[in-house]
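This report refers to the structure that appears directly beneath it.
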Amino acid sequence: MVVGVTVGFVFAAERRQLILEMVRANGAVSLRELARVVQTSEVTVRRDVRALEAEGLLDRRHGGAVLPGGFTRESGFPQKSHLATAEKTAIADLAASFVDEGEAVVVGAGTTTQELARRLARVPGLTVVTNSLLVAQALAHANRVEVVMTGGTLRGSNYALVGSGAEQSLQGLRVSRAFLSGSGLTAERGLSTSNMLSASVDRALVQAAAEVVVLADHTKLGTDTMFQTVPTDVITRLVTDEPPAHDDRAATELQALADQGVHISVAGPGAGSGSPAGAVHGDADRQARRRDVPPLPGQRRSLPLGHGQPPGTVQGGPPGAQLRSAVALGDQATARVADLAPRRR
């Protein structure tokens, strides 16, 4: 729960002091929550946060503010759970649509992957391997979903199992895809996190999967943290939300990731419709939830057909069939999810 108070009109100095107290109490707070508490616009709060950062009192992050030294510091679960909640819900809804009945997948630790797990609970015949107690809890009472926990040592800040025990339990494992989150994502370094033990387990999870799907809201785009977990050239797909119109940095990072060979799926306003994961959606429903934009010129990256095959792939073709352009998809260019094909692999 975000600690804060509701206030009336305050001067800039008082407002900034309130912002600083909220960040100190919670570790990380979104701009939206700060604006709500101090009863002003996000534009004004962003200006206040910028001024406080210049004084070295806090660090800015896309969509929020964190305690100074955020490059090496990791917020705990209570703080993370209140950042970009609507965006995480939309991302989880979209990511769940890539999972089909009877699959075996890996789901890493994180608040976004926890949201995904809640939706995967409705997919019959699914096997989920995870090192996250929160993911396991979300699936504990799911009908016909098997949960396989890694070993390891419990890390209390994010309720994840880490260490050599977790890594060794993943040896020899092979699943269709891994769903991972992290603290930051850049085209230069890929996915990263602030904790060395978490990074090591995430790398072991990646080794167990044929494809890697990263779940990251726009606040993490362009943010780099200490330990690399998934290099950009290993990421198959990024599922994210639509960056705000003013967030040029996030939009630029998305394009750079696409140029590096990452397929980008963007959850739009209607993606979080609450339809059950694993449900059979007709063409009209898929078009309502997705949009396909023309791919960038040049070589397109291929995705194998099969479980969780995204709309826009060539149907009925051999494994590795390529994504078609939006011209071939016709009216799907008007729906709410963008698949950006890369210029090169």
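Within segment 96-114, at least one residue is modelled with pLDDT of 80 or more, aliphatic (A, V, I, L, M), within 21 Å of Thr225 (Cα to Cα) and in a loop (DSSP other than H, G, I, E, B). Scanning segment 138-184 for residues that are surrounded by 20 or more Cβ atoms within 10 Å (Cβ to Cβ) and in a loop (DSSP other than H, G, I, E, B) gives Thr150, Gly152, Asn158, Leu170, Ser181, Gly182, Ser183. Here segment 218-250 is the region considered, the condition is being at pLDDT 90 or above and charged (D, E, K, R), and the residue that is nearest to Ser30 (Cα to Cα) is Asp241.
Just to be sure, is Glu253 modelled with pLDDT of 95 or more and open to solvent by less than 50 Å² (accessible area, probe 1.4 Å)? So Glu253 does not fit the description; no. On the stretch given as segment 98-131, residues that are open to solvent by 20 Å² or more (accessible area, probe 1.4 Å) and out of contact with any Leu (no Cβ under 9 Å at 6 or more places or on another chain) total 5.
If you go through segment 185-198 and keep only what is part of a strand (DSSP E or B) and closer than 20 Å to Ala258 by Cβ, you end up with Leu185, Thr186, Gly190, Leu191, Ser192. Selection within segment 243-269: residues that are part of a strand (DSSP E or B) and small (Gly, Ala, Ser). The member of this set that is nearest to Thr89 (Cα to Cα) is Ala267.
Within segment 185-209, residues that are farther than 22 Å from Ser169 by Cβ and open to solvent by 30 Å² or more (accessible area, probe 1.4 Å) sit with their Cβ atoms under 8 Å from residues that are not hydrophobic (A, V, I, L, M, F, W, C) and not in a strand (DSSP E or B), at 6+ positions apart or across chains, in these pairs: Glu188/Asp224; Glu188/Thr232; Arg189/Asp224; Arg189/Pro231; Arg189/Thr232.
In segment 1-69, counting only helices (runs of 4 or more DSSP H) that sit wholly within it, the ones holding 3 or more residues that are modelled with pLDDT of 85 or more and open to solvent by 30 Å² or more (accessible area, probe 1.4 Å) span 12-26, 42-54.
The values are calculated or read from the model by the stated rules, or taken from the named source; none is laboratory data. This structure is a prediction, so every number in the text was calculated from the model and none was measured. So basically every Cβ, Gly included, is an ideal-geometry build from the backbone, and we count neighbours across all protein chains shown. Protein only, heavy atoms only, side chains kept; ligands, DNA and RNA dropped before computing areas. Shrake-Rupley method; radii C 1.70, N 1.55, O 1.52, S 1.80 Å.
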